[in-house]
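Below is one structure; the comments refer to it alone.
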Amino acid sequence: MGLIRPTLPPPPLNGKGNLLMANKERELAALLPGSDPPRGRLAALMDRFVSPFRRGVPPATRPATGFYTDTTVCIGCKACEVACKQWNQLPADGFDWTGNSYDNTGELSATSWRHVKFIEQFKPSPATGEGSGSRMALDLVPSPPQENRWLMMSDVCKHCVTAPCQQACPTGAILHNEFENVYIQRDICNGCSYCIAACPFGVITRASFDGHSHKCTLCYDRQKDGLVPACAKACPTGSIQFGPVDELRERAGKRVEELHGRGVPGAYLYGDTPSETYSGLNSFYLLVDGPSVYGLPEKPFNPWLHMGGDYVRALVGGLMAIGALALVFLFLGH
Ligand code: SF4
Ligand code: SF4
Ligand code: SF4
């Protein structure tokens, strides 16, 4: 008996003009799960011993892809967080209330590769003297004077062009893939956590359940099939925009100009271009307040920039220790 493929209703038009992409998703969902043809035991045994020493053919380089996140249109719905968990089969983190915020995710972790930050900026009410519980007009992008507002920012790995996490990894588990995205090969990660110390954005976390480091993959599996990453696909406002980084930079620049023209002079891009101390970010942001307000470093610094001095100091220290030992042996020998 032949296998029956699910019959799907025609896809709805969603007004964004991405019908083609929706069709592609449906086609892929309808495909039958593939499997390798059966092999003999000898062939499987040979494979086991020979495969680790085979040098694979690297995939052809593609244009760098990334995210441009326009925080001014984020509504804090957290659809991106949920879509990321669903697609990547990441478990829930419990139902704990932080008690400090409507944001109960708290931070990026090994099981939360997206985190929508809520930055709640409320002035104390003159009547009650309290910052909450009183009626206030809330604007996401208020015109000055900026009294009370909620800033929302969907945080994720920045997929740094020069990534300190990748530079620090001693096993080669972290690499830039063909889309120039930073990817952790979890089977090669030995859990040493050097990458965690090296990342200036506090992105990577080591999981207690498997001892490996985890973070956003920029949906490598979806990209390989020509799909948009799950979080960008789910975002209802277009706050998370995915595509070739050059196009995103152009689009983001125009949006900044538009915001300036609409009376938001504080709008600017964070990480779109390299600075003296850090490379550009393939996942960059449009912000309307200082980076630290969003929990981002004001001036990210690649730790490798001062590692040269550390190596020289270690070398000099080692040579001095050897010299001291040689002197001790010299004098004790007489
Ligand atoms: S943000 Fe951190 S984890 Fe992501 S690529 Fe950059 S250094 Fe690595
Ligand atoms: S790109 Fe994929 S893995 Fe990364 S945050 Fe979005 S959904 Fe999660
Ligand atoms: S899905 Fe879009 S609008 Fe909703 S929280 Fe994420 S970035 Fe913001």
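The values are calculated or read from the model by the stated rules, or taken from the named source; none is laboratory data. Since the model is a prediction, treat every value here as computed from it, not as a measurement. Don't worry about glycine lacking a Cβ; one is built from the backbone with ideal geometry, like all the others, and counts go over all protein chains shown.
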Q: Check whether at least one residue in the stretch 211-220 is over 18 Å from Ser112 (Cα atoms), buried (at least 18 other Cβ atoms within 10 Å of the Cβ) and away from ligand 3 (no atom under 16 Å from the Cβ), and report yes or no.
A: no
Over the stretch 67-88, the set of residues within 16 Å of ligand 1 (Cβ to nearest atom) and under 12 Å from Met152 (Cβ atoms) is Thr69
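Quick one: how many residues across the stretch 221-264 are hydrophobic (A, V, I, L, M, F, W, C) and loosely packed, with under 13 Cβ neighbours inside 10 Å?
Of the stretch 221-264, the ones hydrophobic (A, V, I, L, M, F, W, C) are 227-228, 230-232, 234-235, 240, 242, 245, 248, 252, 256, 259, 264.
Next, from what is left, pick out any that are loosely packed, with under 13 Cβ neighbours inside 10 Å: none.
Adding up the residues that qualify gives 0.
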Of those in the stretch 190-222 that are within 15 Å of the chain's Cα centre (by Cα) and polar (S, T, N, Q), the residue farthest from Ser109 (Cα to Cα) is Thr217
Looking at the stretch 302-315, is at least one residue within 28 Å of the chain's Cα centre (by Cα), at pLDDT below 95, surrounded by 12 or more Cβ atoms within 10 Å (Cβ to Cβ) and part of a loop (DSSP other than H, G, I, E, B)?
yes
Taking the stretch 260-285 and keeping residues within 16 Å of ligand 2 (Cβ to nearest atom) and out of contact with any Ser or Thr (no Cβ under 8 Å at 6 or more places or on another chain) leaves Leu281
Quick count over the stretch 149-177, residues being outside any strand (DSSP E or B) and either among the acidic types (Asp, Glu) or more than 16 Å from ligand 3 (Cβ to nearest atom) (or both), is 15
task = Say whether the condition of being closer than 18 Å to Val293 by Cα, crowded, with 21+ Cβ neighbours inside 10 Å and modelled with pLDDT of 95 or more is met by at least one residue in the stretch 158-169.
result = yes
Does the stretch 222-235 contain at least one residue that is more than 16 Å from ligand 1 (Cβ to nearest atom), small (Gly, Ala, Ser), out of contact with any Lys or Arg (no Cβ under 8 Å at 6 or more places or on another chain) and in contact (Cβ under 8 Å) with a residue 60 or more places away in the chain?
-> yes
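For the structure I just gave you, tell me whether Ala267 is away from ligand 3 (no atom under 15 Å from the Cβ) and either under 18 Å from Cys77 (Cα atoms) or crowded, with 20+ Cβ neighbours inside 10 Å (or both). Don't jump to the end; show me each part of the working.
Values: away from ligand 3 (no atom under 15 Å from the Cβ): yes; either under 18 Å from Cys77 (Cα atoms) or crowded, with 20+ Cβ neighbours inside 10 Å (or both): yes.
So Ala267 fits the description; yes.
When only residues in the stretch 180-200 that are touching a strand residue (DSSP E or B) at 6+ places or on another chain (Cβ under 8 Å) and assigned to a loop (DSSP other than H, G, I, E, B) count, which is surrounded by the most Cβ atoms within 10 Å (Cβ to Cβ)?
Asn181
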